[in-house]
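One structure is given here, and the rest of the page talks about it.
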Amino acid sequence: MVSPAKGLTIAIDGPAGSGKSTIAQIISRKLNLKCLDTGAMYRGITLAALRDKVSLDEEESLVKIARNANFRFDYKKRYKQPFRVILNGKDVTREIRSKRVTAHVSQVSAYPAVRREMVKKQREMAAEGNVVMEGRDIGSVVLPHAHKKFYLTASIEERAKRRSVDLQRDGYEISQEAIMREIARRDHYDSTRPASPLVVPSDAILIDTTGKSVEEVVNEVLRHLEEPQDNDSFEKR
Ligand code: DC
């Protein structure tokens, strides 16, 4: 079993475009917590494999890449995007969002041995606590003892619209229909894979962000964080 982290740990899970990254980044800044985007880590491994022409069917080679990967999330106010993703010393913030990486990341992240390496790294990064970690299996697998768990969701139309805005900001032009198809494909793949599928943890607070502004969702999360801890979840830890 994972021992509880020392400082505050917040887990945010949900499907693509549910608003996890935006909300995690704002909450982390407001509360002065580290923000860890685990989707960016799986994307980083996928990018490294594609660049090195490693076959995505070779689980062992992907595990090696995952084991040797060193991730850093760099925050500077002057950045257009608040976080830079640094993989083995190189800034990969933009490349990990490319169509090619997006098309292959579900396959890479479905390998149980790759996930084991990543979960190990993610727990190490969260060991000191004071962290907001977002992804698909944070509340269920990576940080089952997180102090608060959130599961964000939204209609597929709204999620596709948000992804389209993000991609345009990063300089990618992809039609909204294509994004919706891609999201539906990944939703299916991520929720039905045998290893740590995307699930709503039984003790997570479910927030449907459809039709809500970022500010509304942030306030909802902050309100929940102010609630006293329930004794039951303390005993479980
Ligand atoms: O959140 P995102 O779209 O950047 O995530 C990219 C992919 O990584 C997503 O399709 C599923 C996978 N992923 C995962 O399996 N587990 C996580 N904790 C985070 C992401």
Residue hits (the stretch 85-139; outside any loop (DSSP other than H, G, I, E, B) and basic (K, R)) are K90, R97, K99, R100, R115, R116, K120, K121, R123
Could you tell me whether L225 is hydrophobic (A, V, I, L, M, F, W, C) and either surrounded by fewer than 15 Cβ atoms within 10 Å (Cβ to Cβ) or under 17 Å from the mean Cα position of the chain (by Cα) (or both)? no
Pick from the stretch 142-176, criterion charged (D, E, K, R) and in contact with a strand residue (DSSP E or B) (Cβ under 6 Å, 6 or more places away or on another chain), ranking: surrounded by the fewest Cβ atoms within 10 Å (Cβ to Cβ): K148
Taking the stretch 36-58 and keeping only residues that are more than 13 Å from the ligand (Cβ to nearest atom) and of a type outside the set (A, V, I, L, M), one is left with R51, D52, K53, S55, D57, E58
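Computed from the coordinates by the stated procedures, all read-outs in this text should not be read as laboratory data. Small disclaimer: the values here were computed from a predicted structure and weren't measured. Here the Cβ is made from the backbone with ideal geometry for all residues, glycine too, and neighbour counts use every protein chain on show.
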